[in-house]
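Enquirer: Provided herewith is a single structure, encoded as structure tokens, for subsequent inquiry.
The values are calculated or read from the model by the stated rules, or taken from the named source; none is laboratory data. Everything numeric here is computed off the predicted structure, so don't read it as measured data. Because the Cβ atoms are built from the backbone with ideal geometry, glycine has one as well, and the counts that use them run over all protein chains shown. Quick note on the areas: whole protein, heavy atoms, side chains included, nothing else; ligands and nucleic acids left out. Shrake-Rupley method; radii C 1.70, N 1.55, O 1.52, S 1.80 Å.
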Amino acid sequence: MTDATPASAPGAGSSADGGPAKDKREHWSGQTAFILAAIGSAVGLGNIWRFPGEAYDHGGGAFMIPYLVALVTAGIPILLLEHGIGHRFRGSAPLSFRRISHRAEGVGWWHVAICFVIGLYYTAIIAWALSYFVFSFDLSYADDPAGFFQGDFLQVAEPGFSLDFVPGVLIPLAAIWVVTIVVLWLGVANGVERLNVVGIPLLVVTFTVLVVRALFLEGAADGLDALFTPDFAALSDPDVWVAAYGQIFFSLSLAYGVMITYASYRRRRSNVTSPGLVVAFGNSSFELLAGIGVFATIGFLASQQGVAVDDLEGLTGITLSFVTFPTVIAQMPGGELFGALFFGSLVVAGLTSLVSVLQTVSSALQDKFGWSPRRGALTVGIPSALISIVGFGTTTGLYLLDVMDQWSNQLGIVAGAILMIGAALWVARRGPELSRHLSAVSTFAVGRTWRIVINLVAVLLLYMFVDKFVTLLTDGYGGLPTWYLAAFGWGTLGFIAVVALAMPAFRWAKDHGEFHPWPSRAQLDLPPEPWQAADAVGGRGTTREGGAA
Ligand code: PHE
């Protein structure tokens with residue numbers, strides 16, 4: 001069921017045959033490049049350190065059931081929704097939403113604001129991983145990994161906000177920012193694409209070597225048992241299901257505007273749904289691989305300490321990577337190489353994700369203000385770098401990171417997903433248009449079931465949002481002082497809301513002209529939009545554009 005030729009066909013992107021008009025948007029060089037870039041965004045710290053711990057905490061092997069259900073009912077449908085929005089409306093998140101409905105532009109800015117926030121602290125983690133990559137060569141962290149991480153390396157002070165810079169963090173942090181800005185400055189095809197085309201295969205190879213090595217460690221089998229032994233009772237616990245959906249959203253970079261932005265750089269004549277499936281399954285495969293590698297390694301740690309895996313702590317997140325893993329590496333023959341592979345993988349996986357969030361911000365500003373990719377890279381990159389260095393290059397960076405992560409990722413994203421579905425499907429009623437668009441250009445069609453599933457996901461998301469909102473409001477977080485949570489947690493959410501409300505008020509400095517989606521509504525067998533029927537300006541299949549008036 002396809003009436004489109006593949007992206008590589010002669011004449012793709014030209015209007016000679018009555019097909020799509022030429023547009024000047026940057027492009028990926030082809031489908032493979034897009035797939036690698038989307039996988040690059042999806043595969044990140046979430047796969048390596050978040051998934052194994054979430055699975056372990058939420059039923060072990062039984063977690064695979066909610067996880068796969070979440071992948072099929074939310075991950076793939078929402079991924080296709082975002083790829084469909086970006087591909088049909090051909091813009092960064094704000095431009096795409098503006099084309100969906102003039103009132104929806106703010107939804108795109110909500111996503112952009114979250115990306116901006118995440119970019120600030122994601123960089124810090126990559127910088128730590130870069131330092132640890134270097135430390136691996138002489139195992140500087142080996143004697144006392146916990147003390148080394150918080151003391152020697154981060155020099156963590158009491159909670160609060162300090163300006164005591166820590167050079168050992170500041171320098172790698174600045175280095176990561178320079179690399180990121182250069183990649184963005186080079187543009188979509190020469191920068192972002194190249195990073196992923198080199199980085200993703202490299203990551204798969206290094207990580208596979210690491211997993212194979214881990215499987216030969218003493219105790220590896222016990223680790224895998226701990227991860228995969230199912231606790232079916234967990235399936236009746238709603239928290240387990242919420243965790244599975246949360247993991248899928250974070251891991252596939254959904255509701256961040258990233259997938260919309262990346263899909264907008266595809267040519268008009270492109271197969272959209274099948275690559276989406278490749279991205280989704282590719283990401284989950286890597287996640288599983290990471291789970292196996294991490295738990296085999298942890299099994300070794302348990303056997304060295306003569307305890308059961310269940311008695312170990314620190315099996316997720318920052319502690320897993322920067323304390324537990326260094327502890328294992330210190331006890332392992334050939335730990336230097338293992339450490340370098342592990343932290344090197346974190347750097348590469350993190351960098352390809354980081355670039356995707358910043359490209360989302362830069363792309364939005366390019367569309368709104370008519371900036372070149374280079375100007376976007378510098379205007380987004382330099383202030384972000386400075387804020388990130390002030391926030392995270394100091395002795396209090398760890399607290400800030402933790403709090404900003406909770407509020408932006410646990411609340412901001414869930415709200416962003418609800419807003420996206422609400423704007424596109426409920427308010428602007430673009431569901432049929434999007435499913436027909438996806439089916440028309442792709443080899444694999446979607447229809448009513450897809451739209452129904454998305455609506456159901458939205459209901460679940462609403463539950464998740466309220467649940468988390470109430471928990472954070474009543475219980476606080478991490479034992480941190482209330483003023484701190486108000487300033488940096490709720491403050492982060494407030495910042496996102498302000499951006500979403502304020503940005504649409506600015507004039508579009510770039511006139512995008514009249515927008516003609518392709519295939520047109522008529523080609524999709526849809527009636528013209530109501531306002532078109534009324535004033536018949538611009539003919540069928542035209543969406544009035546909100547450029548500078
Ligand atoms: N998907 C990434 C991960 O698994 C995280 C991420 C979220 C990256 C949003 C970009 C945008 O780590």
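Enquirer: Assuming 0.36 nm per residue, please report the length gained on full extension of the stretch Leu456 to Ala330 beyond their Cα-Cα distance. Spell out each step's value before the answer.
Expert: Values: separation 126, 0.36 × 126 = 45.36 nm, distance 4.77 nm.
Stretched fully, the Leu456-Ala330 segment lengthens by 40.6 nm.
Enquirer: Helix 491-502 against the longest principal axis of the chain: what's the angle in degrees, Cα atoms only, rounded to the nearest 10?
Expert: 10
Enquirer: Search the structure for amide H atoms under 5 Å from the amide H of Thr394, placed 1.01 Å from N in the peptide plane, and list their residues when 5 or more places away or on another chain.
Expert: Those lying under 5 Å, H to H, from Thr394 are Val166.
Enquirer: In nm, to one decimal, how far is the Ser162 label point from the Thr208 one, both placed 7 Å along Cα→Cβ?
Expert: It works out to 4.6 nm between the two label points.
Enquirer: Find which of Phe148, Phe249, Leu315 sits farthest along the positive direction of the dipole of the chain, computed with +1 on the beta-carbon of Lys and Arg, -1 on that of Asp and Glu, about the Cα centre.
Expert: Phe249
Enquirer: Could you tell me which of Met64, Phe34, Ile48 has its Cα farthest along the dipole of the range 27-99 towards the positive end, charges placed at Cβ (Lys, Arg +1; Asp, Glu -1), taken about the Cα centre?
Expert: Projecting each Cα onto the dipole axis, the largest value belongs to Phe34.
Enquirer: Quote the charge dipole size of the chain about the Cα centre in Debye, to the nearest 20; the model charges only the Cβ of Lys and Arg (+1) and of Asp and Glu (-1). List each step's numbers first, then the result.
Expert: Values: 29 positive and 38 negative charges, 630 e Å.
Charge dipole, the chain, about its Cα centre: 3020 debye, nearest 20.
Enquirer: Let me ask you something else. Give the carbon-plus-sulfur fraction of the accessible surface of the chain in %, rounded to a whole number; probe 1.4 Å, heavy atoms of protein chains only.
Expert: Its accessible area is 64 percent carbon and sulfur atoms.
Enquirer: Cβ neighbours within 10 Å, averaged per peptide: list 477-488, 34-45, 233-244, 396-407 in order, most packed at the top.
Expert: On the way: 477-488: 13.9, 34-45: 26.7, 233-244: 16.5, 396-407: 21.3.
Going by the mean number of other Cβ atoms within 10 Å, highest first, we get 34-45, 396-407, 233-244, 477-488.
Enquirer: Still on this model: What ranking of His27, His516 comes out by heavy-atom accessible area, probe 1.4 Å, highest first?
Expert: Values: His27 35, His516 90 Å².
So, going from the largest accessible area down, we get His516, His27.
Enquirer: Ranking request for peptides 185-191, 295-301, 281-287: highest mean number of other beta-carbon atoms within 10 Å first, then the rest in descending order. Show your work: numbers first, answer last.
Expert: Details: 185-191: 18.3, 295-301: 25.3, 281-287: 20.6.
Highest to lowest by the protection proxy: 295-301, 281-287, 185-191.
Enquirer: Relative to the compact-globule scaling 2.2 N^0.38 Å, provide the ratio for the alpha-carbon radius of gyration of the chain.
Expert: Details: Rg = 23.2 Å, N = 549, 2.2 N^0.38 = 24.2 Å.
In units of the globular-protein estimate, the chain measures up at 0.96.
Enquirer: While we're here: Pull up the cross-link candidates among the aspartates and glutamates for Lys368, meaning alpha carbon to alpha carbon under 19 Å and not fewer than 8 places away within one chain.
Expert: Correct list for Lys368: Asp23, Glu26, Glu105, Asp511, Glu514, Glu545.
Enquirer: Let me ask something else. Give me the angle, in degrees from 0 to 90, between the Cα long axis of helix 31-42 and the longest principal axis of the Cα atoms of the chain, rounded to the nearest 10.
Expert: 50
Enquirer: Taking a spot 7 Å from the Cα of Asp475 along the direction of its beta carbon, which residues of the range 401-418 have an amide N less than 16 Å from it?
Expert: 403, 406-407, 410-411
Enquirer: Might you report the magnitude of the Cβ-based charge dipole of the range 290-441 about its Cα centre, with Lys and Arg at +1 and Asp and Glu at -1, to the nearest 20 debye? Provide the component values of the computation, followed by the final result.
Expert: On the way: 6 positive and 8 negative charges, 191 e Å.
With only Lys, Arg, Asp and Glu charged at Cβ, the dipole is about 920 debye.
Enquirer: If I model a spin label at Ala497 and Ala175 as a point 7 Å from the Cα along the Cα→Cβ vector, what separation in nanometres do I get?
Expert: 4.1
Enquirer: Under the 0.36 nm per residue contour assumption, what length would be gained going from the current alpha-carbon distance of Ala146 and Asp231 to full extension? Let's see the in-between values first.
Expert: On the way: separation 85, 0.36 × 85 = 30.60 nm, distance 3.07 nm.
Additional length available on full extension: 27.5 nm.
Enquirer: Given the rule -39500 (n - 2.57) for each run of at least 4 DSSP H residues, summed and divided by the residues of the chain, what is its mean residue ellipticity at 222 nm, to the nearest 500 deg cm²/dmol? List each step's numbers first, then the result.
Expert: Numbers: 21 runs with 324 residues, N = 549.
After summing the helix terms and dividing by the residues of the chain, the value is -19500 deg cm²/dmol.
Enquirer: Hey, can you find the accessible area per residue of the chain for me, probe 1.4 Å, expressed in square angstrom? Can you show the working numbers first?
Expert: Working: 20240 Å² over 549 residues.
Spelled out: the 1.4 Å probe surface of the chain, per residue, equals 37 Å².
Enquirer: Compute the length gained on full extension between Val69 and Leu139: take 0.36 nm times their separation in residues and subtract their Cα-Cα distance, giving the result in nm to one decimal.
Expert: Numbers: separation 70, 0.36 × 70 = 25.20 nm, distance 4.12 nm.
In short, 21.1 nm is gained.
Enquirer: Same structure again: So how far apart, in nm, are the two label points at Ala522 and Ala221 if each is 7 Å from Cα heading toward Cβ?
Expert: Taking the two extended label points, one gets 6.9 nm.
Enquirer: Here is a follow-up. Of Gly479, Gln523, Val414, which is farthest on the positive side of the dipole of the range 381-538, counting Cα position, with +1 on Lys and Arg Cβ, -1 on Asp and Glu Cβ, and the Cα centre as origin?
Expert: Result: Gln523, furthest along the dipole toward the positive end.
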